Amino acid sequence: MSGLLEVSGISVTFDGFRAINNLSFSIGAAELRAVIGPNGAGKTTFMDIVTGKTRPDEGRVLWGERSIDLLKLDEAHIAREGIGRKFQRPTVFEDQTVAENLMMALKANRSPWRVLFWKPASADHARVEELAAQVGLGEALTRKSGELSHGQKQWLEIGMLLAQEPRLLLVDEPAAGMTLAEREQTTSLLVDLAKTHAVVVVEHDMDFVRRLNCKVTVLHEGAVLAEGSLDHVTANQQVIEVYLGR
Ligand SMILES: Nc1ncnc2c1ncn2[C@@H]1O[C@H](COP(=O)(O)OP(=O)(O)OP(=O)(O)O)[C@@H](O)[C@H]1O
Ligand SMILES: [Mg+2]
């Protein structure tokens, strides 16, 4: 197996509708990939399958050097294997500070038995500061999360995901609701993370995708329609027809 994640020939049918249709997808250990496609193309469903939320009717999903069969694992187990997912709506604890939210995420990374006796050590405080700096919140450690801007909350949530030490990050529509400055900072963050993680970003904002400057996979009707640079896929006649609605 060459990639970190190897999805092959997956299909899912919801009430007779084929949301994912013989889809194959592969990503390397330190790779950034944008996934685009019209509404209903199956982008979120694809992430649901990789994270174990939805089971495909057929196909294979293999993970890591040992080619672990993710279809045999439940959601919690898949997360522990190193697959982190960022949902569109931030789910930070608004009454807690940035540091407290990050510390909780670190704590959640421990086994249930160890959580029982867990007290933050100086190494954990250092890790919290490191995570905050990594997502651009180094100056905001003591701020209440509820006071952060929408973009900052999204970064905090990415920091909380990183506390789980994932190898693959799945990010669904990060740019939505962000200011231009926030979108630009998010681009840099994702590009930076992809130096050491596999990162899959679903996004409708084409300027955002262009700034990611990475390989793009176009989904349509649950299958890959085109793959390559953004310029390559946007020059594809089928892609143009799908986006213009024929
Ligand atoms: N749990 C479900 N039950 C029934 N149909 C579903 C379910 N999940 C998704 N679908 C359908 O599958 C298709 C693909 O949906 P999906 O949410 O994956 O699209 P998407 O590419 O993420 O679209 P968007 O860009 O709008 O977020 C849609 O037609 C959707 O209505
Ligand atoms: Mg979606």
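The values are calculated or read from the model by the stated rules, or taken from the named source; none is laboratory data. Quick caveat: nothing in here was measured; it's all calculated off a predicted structure. Using ideal geometry, Cβ is built from the backbone for each residue, glycine included, and neighbour counts are taken over all protein chains shown. Each accessible area value is taken on the protein alone, full model and side chains, heavy atoms only, with ligands, DNA and RNA left out. Shrake-Rupley method; radii C 1.70, N 1.55, O 1.52, S 1.80 Å.
Quick notes on this structure:
- Close Lys pairs in the chain (alpha-carbon distance under 23 Å; sequence gap of 8 or more, or different chains): 19.
- In nm, spacing of pseudo-spin labels at residue 196 and residue 17 (7 Å Cα→C-beta vector): 4.1 nm
- Rounded to the nearest Hz, the phi-derived 3J(HN,Hα) couplings of segment 121-132 under the Karplus curve 6.51 cos²θ - 1.76 cosθ + 1.60 (θ = phi - 60°) are 9, 4, 5, 6, 4, 5, 5, 4, 5, 5, 5, 4, where x marks glycine and proline.
- When each of the peptides 137-148, 183-194 is scored by the mean number of other C-beta atoms lying within 10 Å of its residues, the order from highest to lowest reads 183-194, 137-148.
- Our coupling estimate for segment 24-29, obtained by passing each phi through the Karplus curve with A = 6.51, B = -1.76, C = 1.60 and θ = phi - 60°, is 10, 7, 9, 9, x, 5 Hz, Gly and Pro reported as x.
- Rounded percent of accessible protein surface that carbon and sulfur make up, the chain, 1.4 Å probe: 50 percent
- Label-point gap, in nm, between residue 74 and residue 87 - each point 7 angstrom along Cα→Cβ: 1.8 nm
- Applying 1/(1 + (r/R0)^6) with R0 = 51 Å to the Cβ-Cβ distance of residue 58 and residue 142 gives a FRET efficiency near 0.50.
- 1.4 Å probe accessible area per residue over segment 4-153, in Å²: 52 Å²
- Order by protection proxy (mean Cβ within 10 Å, highest first), peptides 120-127, 24-31, 49-56: 49-56, 24-31, 120-127
- Projected label distance in nm at residue 121 and residue 215, using a 7 Å step from Cα toward the beta-carbon: 3.9 nm
- Note on residue 150 and residue 104: the extension gain reaches 14.5 nm, defined as 0.36 nm multiplied by sequence separation minus the Cα-Cα distance.
- Close amide H contacts of residue 173 (hydrogens built in the peptide plane, cut-off under 5 Å, sequence separation of 5 or more or a different chain): 202, 203.
- Here the Karplus relation 6.51 cos²θ - 1.76 cosθ + 1.60, evaluated at θ = phi - 60°, turns the backbone of segment 5-19 into coupling constants of 10, 10, 9, 9, x, 7, 9, 9, 10, 10, 6, x, 9, 7, 6 Hz, with x for every Gly and Pro.
- Helix-only mean residue ellipticity at 222 nm for the chain, each DSSP H run of n ≥ 4 adding -39500 (n - 2.57), per residue, nearest 500: -10500 deg cm²/dmol
- For residue 178, no residue 5 or more places off, or on another chain, has a built amide H under 5 Å of its own.
- Amide H contacts under 5 Å for residue 97: 145, restricted to partners 5 or more places along the chain or on a different chain, H placed in the peptide plane at 1.01 Å from N.
- For the chain, the percent of C-alpha pairs falling in each 10 Å distance bin, counted from 0 to the bin holding the largest distance, reads 7, 30, 35, 21, 7, 1, 0.
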